Every structure is written in structure tokens, then in C-alpha cells.
Amino acid sequence: MGNSATDGFRIFPHHLKLEVQTALVADIRERLTVAPLYRPVTPGGKPMSVEMSNLGPLGWCTGPEGYRYQDRHPETGNPWPDIPPLLLDLWSGLGDPDVPPDACLVNVYGPGSRMGLHQDRDEADFRFPVVSVSLGDTGIFRIGGLNRTDPTRSIRLASGDVCVLGGPSRLAHHGIDRILPGSSRLWPEGGRLNLTLRRAGSARC
Ligand code: MD3
Ligand code: FE
């Protein structure tokens with residue numbers, strides 16, 4: 001087949017061993033005591049079904065002002081905690097060997113959480129990929145094309161799976177239809193955790 005918007009999409013199933021997944025959960029939980037999960041509200045005023053926080057110099061936030069990256073937690077006003085070294089290493093291997101990520105969005109999905117089809121367009125330079133780590137319950141991920149109405153395909157993302165969204169896939173529409181509650185015991189409260197490593201600002205700042 002010819003070029004497709006999902007051409008730069010790579011999935012690495014079971015990339016993270018259980019011991020690494022467990023260490024990551026400990027790293028994340030420690031940081032969430034400093035930057036607690038909160039429920040974001042869309043620019044249209046609807047609370048999202050996913051809870052969020054961020055790690056690193058910049059964090060993705062939404063509110064009446066729209067979508068943006070900011071250096072403080074919107075509720076505590078504190079700077080975001082650091083990105084765990086394990087994730088920085090993962091990025092240097094799969095994302096970019098030279099430029100580190102400056103943002104890690106933490107999404108937590110409960111039994112009824114979903115994320116509608118969207119594009120990630122709030123970053124300065126789309127030449128950098130996004131690296132996504134799935135932990136806990138399996139998520140039903142959907143990825144389409146550059147246009148919202150392009151055909152989509154559905155992929156299960158299980159705990160320890162890592163995705164790299166580079167090339168044309170960087171601007172592909174994507175979302176999470178639902179999770180499979182009870183499919184993992186990794187996250188103590190049950191649910192799914194997704195970590196997306198990104199370069200939000202330009203490479204030279
Ligand atoms: C395809 N997160 O945080 S991860 C997001 O599972 C987001 O929480 C989903 O979409 C989640 O923006 C999907 C896989 C993913 C992440 C970023 C992408 C797919 C992507 C960026 C561009 C294209
Ligand atoms: Fe996204």
C-alpha cells in the first residue's frame with residue numbers, strides 16, 4: 001500500500017517488564033502526591049472523564065482559556081515534579097537521542113473514562129515524536145488519519161506496551177474508546193494509566 005497517516009506509528013508490545021512497570025508506578029505515585037490528579041475541564045466547559053497531572057518543565061492543561069502548556073499545576077500553583085529517569089531513558093532510546101522531553105502528561109482512566117478522537121497539536125515542533133506508555137488496565141485505542149472522518153482502526157493497549165507516534169502519525173486523529181476494567185492489578189485502585197512523553201517547547205529554549 002502507499003503512504004498512510006499511520007505510517008510512523010510503531011507499537012512495542014510488552015516493551016516494559018513487570019518489574020519496570022511496578023517501579024514506574026511507584027515513581028508516578030510519589031510524584032502525584034506533589035502534583036495531584038485533577039479533573040480537567042474542556043474549553044467548552046465539560047469535565048473530562050479522565051483525570052490528569054503532568055511531570056517535567058511543562059504540563060498540558062485545558063480550561064476556559066483553551067489548551068496550553070504551562071509550568072505550574074493549575075490547582076496547587078506548584079511547579080510540576082520531574083520526569084522519572086526511567087522515562088527519560090525510554091525517550092532517548094525510542095523518541096529522540098539528542099533532545100530530552102520537556103513534558104509528560106499523566107492520564108488516569110477509571111471504568112467509565114474515555115478520550116474522544118482528537119489530534120495533538122499544542123506542541124511547538126511536530127518533528128518530535130510522542131512516546132506513550134500504557135500501564136494497568138487494557139485500553140481500546142483508536143487511530144485514524146489526518147482528517148477526522150478518515151477510516152480508523154482499533155488497537156488494544158495493554159500494560160507495558162509502548163507506542164511511538166512519529167512521522168505522519170504524529171498528527172493522526174486518535175482516542176481511547178474505553179478501558180477493560182479489572183484486566184490488570186498494577187494500578188492499586190484499578191484503572192488505566194497512560195504516560196505521554198513529549199517535546200512541547202521548541203528544541204532551543
Ligand atoms: C497518536 N492519550 O494524551 S496514548 C493524549 O491513552 C492521548 O491516554 C491517549 O491521546 C491515552 O493526547 C492515547 C497514544 C497516543 C498518544 C499521543 C499521540 C497516540 C497518539 C499523538 C499523536 C498521534
Ligand atoms: Fe492525544
Exercise. Scan Glu123, Glu65, Glu30 and give me the residue that is more than 22 Å from Ala158 (Cα to Cα) and surrounded by 15 or more Cβ atoms within 10 Å (Cβ to Cβ).
Key: Glu123
Quiz item: Which members of the stretch 92-118 meet the condition of being within 11 Å of ligand 2 (Cβ to nearest atom) and either in contact with a Cys (Cβ under 7 Å, 6 or more places away or on another chain) or within 18 Å of Lys46 (Cα to Cα) (or both)?
Solution: Asn107, Met115, Gly116, Leu117, His118
Exercise. Among residues belonging to the stretch 68-86 that are of a type outside the set (Asp, Glu) and touching a helix residue (DSSP H, G or I) at 6+ places or on another chain (Cβ under 8 Å), point out the one that is surrounded by the fewest Cβ atoms within 10 Å (Cβ to Cβ).
Key: Leu86
Quiz item: Which of the residues belonging to the stretch 119-154 are under 29 Å from Ser183 (Cα atoms), charged (D, E, K, R) and within 14 Å of ligand 2 (Cβ to nearest atom)?
Solution: Asp120, Arg142
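Residue-wise test of (1) closer than 21 Å to Glu19 by Cα; (2) away from ligand 1 (no atom under 12 Å from the Cβ); (3) among the aromatic types (Phe, Trp, Tyr).
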{"residue": "Pro111", "(1), (2), (3)": "no, yes, no"}
{"residue": "Val130", "(1), (2), (3)": "no, no, no"}
{"residue": "Val133", "(1), (2), (3)": "yes, no, no"}
{"residue": "Arg170", "(1), (2), (3)": "no, no, no"}
{"residue": "Arg185", "(1), (2), (3)": "yes, yes, no"}
{"residue": "Glu189", "(1), (2), (3)": "yes, yes, no"}
{"residue": "Ser202", "(1), (2), (3)": "no, yes, no"}
Practice problem: Please name all residue pairs, on different chains or six or more residues apart, with Cβ atoms under 6 Å, provided the first residue is in the stretch 1-20 and is among the small types (Gly, Ala, Ser) and the second residue is modelled with pLDDT under 95 and assigned to a loop (DSSP other than H, G, I, E, B). | Solution: none
Quiz item: How many residues does the stretch 1-41 hold that are among the hydrophobic types (A, V, I, L, M, F, W, C) and assigned to a strand (DSSP E or B)?
Solution: 4
Practice problem: Return the total of residues in the stretch 25-65 being hydroxyl-bearing (Ser, Thr, Tyr), in contact (Cβ under 8 Å) with a residue 24 or more places away in the chain and over 14 Å from Asn194 (Cβ atoms). | Solution: 1
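The values are calculated or read from the model by the stated rules, or taken from the named source; none is laboratory data. Quick caveat, the model's predicted, so the values are computed rather than measured. Cβ coordinates were reconstructed from backbone atoms using ideal geometry, including for glycine residues, and neighbour counts include every protein chain displayed.
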